[in-house]
Structures are given as structure tokens and as C-alpha cells.
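What follows is a single structure, written as C-alpha cells, with notes after it.
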Amino acid sequence: MSLPTLAVRRECRKAQRCVDAVAANLEIIQARVVAAVEKAGRSADDVRLIAVSKKQEAEKVRAAFDAGQPIFGESKVQEARAKIPLLPAAVRWHFIGHLQKNKIRHALPLFEMFHSVDSLALAQDIQRIADEEGVRPRVLLEVNVAGEGSKFGFAPEKLKEEMEALLQLGRLEIEGVMTIPPFAPEAEDSRPYFVQLRELRDDLEQQFAMRLPQLSMGMSNDFEVAIEEGATYVRVGTAIFGER
């Protein structure tokens, strides 16, 4: 057998191990989600897992989809535009990164939900382009609950001040809020931020007589705590796909 043939076979075996690892990891995460939901006394239908596929190869995404994962999260429009055509049309895509103004028009047809509308100005830009395109994007409002200078998002009080203006943007289907807490080695350290987001959501619902059913919070290191505190979307990447 020639050396090139041996190399090809080794690469094939390596690729298959990758596919098998993704499927096995996904099964573990799905079981942990179910256990967390049951522990919290919630319905399994209340929580949806987003497999964060940013910087992951299309083959790994397909492996997770084939193993029963329907929703994937991307954070770069250019990467998503290249990756999405390589995958089945039934795959559902959520945008979870910072959306640049010049990428809005490209992003709107790709994603069923935007988790990271992080300012009134961005929301107004989405409204204008959505009106031109005749679409009604589903969005979540990103809240910087910890006030970290390195992260995007509304300050909680600023969101309350600007909510009335956001509600005037008739093209946007505002379904809830999202946060990314400071990274902490212990999952319990994230709990206060999840509680703060949930309580902010409750205040907004009461103040503006509206429903904001979606809470997008929790990642690989803390999603079980997020579920206990009311998350309806959890975003898990590394624990499914491995390090990028």
C-alpha cells in the first residue's frame, strides 16, 4: 500500500473519530440539559439547546445535526454565509455575536433569531433594513448585566430608559433578553447574573405590559445553573465540539 493511500486512510479515520466524538458529546449535553430541567421542575419543552458552531467545520455541524441537534449559533456573518450552504436546509441558525451595521442585510435572510441586539442604534438600523427587505426579524436584547467594558450590551437601566423607543420599531419581534456573564471557573458564580437578567425581564414585562418569554443565558461552563434560573435558550459550543 502506498504512503499517500495510508495517509488518506489515517485522515478518514481521524475524521470519523471527530464525527463520533461530536455525537457522543452532544448526547451527554442533551442528558445534562434534561437533568437540569427536571431538577428545576420545568418542562423539557421550555429549554432549547443552541450548539455554538462558530469556527467549527461544516462536517462537525453536520455530525451534530445528524445526531439530532436542530439549532446552531454563529457569531460572524461572513463565516455563516460560507458555511450555511454546505449544510442541510433543515438546519436552523441563530446569530449570537455582535452584528455590524454593514452586515445586517446579509444576515437577515440567514438567521431565524438574533440574540445580540445590543443598542438602540443597532435596533434602528435593523428596523430600517428589515423594512426595506419586507421581513420581521425575531430578536433578543443583549444586556451587559455586569457592566464589563469589554462586552457589548445595554446597561440594565439604559434598557429600561430606551424600551419605549425599541417598542416603536414595528418590524422587530422582540422576544426576550440575553446575557453573557463574566467567565468564572465555578458555575455558581454566574447565578447572580442570571437572576439579575430574569428579574430585569420581569420588570420590563410589568412596566411595559408585554411578554418577553425568552431568556438566552448559560454556556458550556454554567448552563445548568442558567436553566435553574429560567433560561429558555442555552448556548453550548466547546462541550459539544471541543476546543476551536
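For the chain, a crude dipole built from +1 on the beta carbon of Lys and Arg and -1 on the beta carbon of Asp and Glu, taken about the Cα centre, is about 1260 debye to the nearest 20. Computed on the Cα trace of region 56-157, the radius of gyration divided by the Kirkwood hydrodynamic radius gives Rg/Rh = 1.00.
If you add up the charges near Pro181, with Lys and Arg at +1 and Asp and Glu at -1, over every other residue whose beta carbon is less than 13 angstrom from its beta carbon, what do you get? Working shown, then result.
Numbers: positive: Lys151, Arg191, Arg198, Arg235; negative: Glu142, Glu148, Glu186, Glu188, Asp189, Asp222, Glu229.
So the environment of Pro181 carries a net charge of -3.
Tell me the Kirkwood hydrodynamic radius of the chain in angstroms, computed as one over the mean inverse distance between distinct C-alpha pairs. Show your work: numbers first, answer last.
On the way: mean 1/r = 0.0528 Å⁻¹.
Its Kirkwood hydrodynamic radius stands at 18.9 Å.
The residues Ile28, Ile174, when put in order of fewest to most other Cβ atoms within 10 Å, stand as Ile28, Ile174. Each helix, a run of at least 4 DSSP H residues, gives -39500 (n - 2.57); summed and divided by the residues of the chain, these come to -14000 deg cm²/dmol at 222 nm. Across the options Leu99, Thr179, Ala155, the greatest Cα extent toward the positive end of the charge dipole of the chain (unit charges at beta carbon of Lys, Arg, Asp, Glu) belongs to Leu99. Pairs from the list Lys54/Lys160; Lys39/Lys151; Lys39/Lys60; Lys54/Lys101 with a Cα-Cα gap above 22 Å: Lys54/Lys160; Lys39/Lys151; Lys39/Lys60.
Going by alpha carbons, how many degrees (0 to 90, nearest 10) lie between the helix axis of 120-133 and the longest principal axis of the chain? Helix 120-133 and the main axis of the chain meet at about 70 degrees.
Taking θ as phi - 60° and the Karplus parameters 6.51, -1.76 and 1.60, the scalar couplings of region 188-200 work out to 4, 5, 7, 4, x, 6, 5, 4, 4, 5, 4, 5, 4 Hz in sequence order, x denoting glycine and proline. Prolate is the label for region 118-244, because a/c, from the alpha-carbon gyration tensor with a ≥ b ≥ c as root eigenvalues, is 1.5 or above and a/b exceeds b/c.
Under a 5 Å amide H cut-off, with hydrogens placed 1.01 Å from N, Gln214 pairs with Gly176, Val177 among residues at least 5 apart or on other chains.
Just so you know, all these numbers are worked out from the coordinates, no wet-lab data involved. Bear in mind that the values here come from a model prediction, so they are computed numbers and not experimental data. Note: ideal-geometry Cβ built from the backbone for every residue, glycine included; neighbour counts use all protein chains shown.
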